[in-house]
Structures are given as C-alpha cells and as structure tokens.
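Data first, discussion second: the structure below is written as structure tokens.
The values are calculated or read from the model by the stated rules, or taken from the named source; none is laboratory data. If you're wondering where the values come from, they're calculated on a predicted model, not measured in any experiment. Note that each Cβ is placed from the backbone with ideal geometry, even for glycine, and that neighbours are counted across all protein chains shown. In case anyone asks, the SASA skips ligands and DNA or RNA and just uses the protein heavy atoms, side chains included. Shrake-Rupley method; radii C 1.70, N 1.55, O 1.52, S 1.80 Å.
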Amino acid sequence: MTTTATDRGWVMLAGEVMRSPAITLRRDDSMRRAIRVLYEHNITAAPVLGDHDELVGVVSEIDLLCGAFAPGATPPRTVEGVMSRQVSTVEETTDVRVLTDLMVAKRIKSLPVLRDERVVGMVSRRDLMALLARSDEELREAVLAALRERYPSDAAWEVVVRDGEIDLRGPEGQGPEHVADLLEQTAPGVRPARLLPRRDRS
C-alpha cells in the first residue's frame with residue numbers, strides 16, 4: 001500500500017481500497033443474470049455499462065428484489081428496468097474519509113470508482129470494514145512495510161501491536177509527529193501510536 005501526499009498530509013485514497021476490476025453488468029442483461037452475478041460474487045451492487053462502456057447506472061440487491069417481487073406486476077426483463085440512473089461516484093484520488101461521508105449521507109453501501117469517466121473499480125462498506133478488522137499481526141506487517149517505504153535509509157523500526165494499539169521504537173530524532181500521518185494512512189481506526197525510547201544497547 002502506498003502513501004499519497006496532499007496539502008492535508010498523508011491520506012488513503014479510494015484507488016487503494018477499491019476492488020478492481022469491477023464486476024459490471026450491461027443494461028440489456030437479464031434480471032436472472034444480474035441476480036446470479038451479484039449472488040455468486042458476494043457483492044451488493046454492480047455498475048451498469050452502456051454500449052460504449054460508459055456508466056449508465058447501478059443495480060443493487062434491493063433493486064433486483066423489488067423488481068422480482070413487485071406485487072401485481074410483471075417483473076422487468078432486463079437490468080435497465082430496475083437499475084438506478086442517478087449514481088454517486090468517486091475518483092481513484094478521492095480521500096477515503098470523503099467517500100465514507102458520501103456513503104453515510106446518501107445511505108449507500110458501495111460506490112463506483114472512476115478514472116477518466118470509466119469504471120475501474122468498486123469500493124464498499126465491507127472493503128472499508130476490512131481495513132478496520134485486520135488482526136494485530138496484519139497491522140504490524142502493514143506498519144513495518146509503510147515505515148520501510150517511507151524511511152528506507154533508517155535503522156530497523158521495532159513495532160508491537162496489541163489489540164490495535166501500536167507501540168514504536170525508531171531512530172533517534174523521529175518523533176510522533178513524523179509518523180502520525182503515516183500511521184493514519186496505513187492503519188485507519190487504530191488508537192494513536194506511542195513512540196517509545198530506543199532500548200539501551202550498551
């Protein structure tokens with residue numbers, strides 16, 4: 001996982017957490033095919049593409065269920081009959097915090113990720129939850145990898161993670177302010193890290 005610099009510091013971007021390539025559907029796909037695609041890929045929604053691969057809508061589980069079980073009506077035959085045409089999207093460079101706010105405000109579970117107006121991925125609430133659900137060992141490895149990338153010439157860092165709490169021992173002169181932004185990007189949702197003094201090796 002890489003870090004990206006902005007005028008607000010180091011952030012995690014949608015392109016780093018999205019599932020790519022996105023599982024997509026066509027507007028003339030049958031309802032049955034759409035249901036099977038979402039079910040078999042264990043996803044809650046899929047972007048719908050037009051004739052030139054442009055984004056024309058999104059179809060979700062609830063769209064398909066409502067279409068299939070609408071009382072007193074003939075179920076739509078294709079995805080176009082049930083898909084949502086008003087679609088919220090994000091770019092690869094969208095801050096994860098921004099897309100989380102969008103999910104909350106719009107009450108949606110997943111968002112298409114665009115590059116030059118083309119769908120390149122999907123990011124869901126579950127993808128974001130996966131970041132927060134990592135084990136202590138997974139967090140430790142992620143922090144070590146990020147530190148090695150950020151400070152390739154420094155001596156080895158010591159990293160201990162217990163129940164999401166991170167303790168660091170690093171080179172002289174590297175205070176908490178030097179690593180706080182890196183850890184926010186690498187391990188969102190964890191408690192602030194403690195930078196401990198180096199062990200006396202004399």
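Can you pull the percent of segment 119-162's accessible area that's carbon plus sulfur, 1.4 Å probe, other chains left in place? Walk me through the intermediate numbers first.
Working: 1360 of 2490 Å².
Answer for segment 119-162 is 55 percent, counting heavy atoms of protein chains only.
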Calculated FRET value between Ser20 and Tyr151, using beta carbons and R₀ = 45 Å, to 0.05: 0.95
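Quote to one decimal, in nm, the extra length available between Ser135 and Asp95 on full extension: 0.36 nm per residue of separation minus the C-alpha distance between them.
Computed gain between Ser135 and Asp95 is 12.0 nm.
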J(HN,Hα) series, segment 126-139, from Karplus relation 6.51 cos²θ - 1.76 cosθ + 1.60, nearest Hz, glycine and proline x: 5, 4, 5, 4, 4, 5, 7, 9, 5, 5, 4, 5, 5, 4
Derived scalar couplings ³J(HN,Hα) [segment 55-63; Karplus, 6.51 cos²θ - 1.76 cosθ + 1.60; whole Hz; x for Gly, Pro]: 6, 10, x, 9, 10, 10, 4, 5, 4
Under Karplus coefficients 6.51, -1.76 and 1.60, residue-wise ³J(HN,Hα) of segment 80-92 in Hz, glycine/proline x: 4, x, 10, 5, 8, 8, 8, 10, 8, 9, 10, 9, 4
Accessible area per residue in Å² at 1.4 Å probe, computed on segment 15-89: 62 Å²
Rotationally averaged projected area of segment 27-129 (alpha carbon convex hull; nm²): 6.9 nm²
Inverse mean reciprocal Cα-Cα distance (Kirkwood Rh) of segment 36-85, Å: 11.5 Å
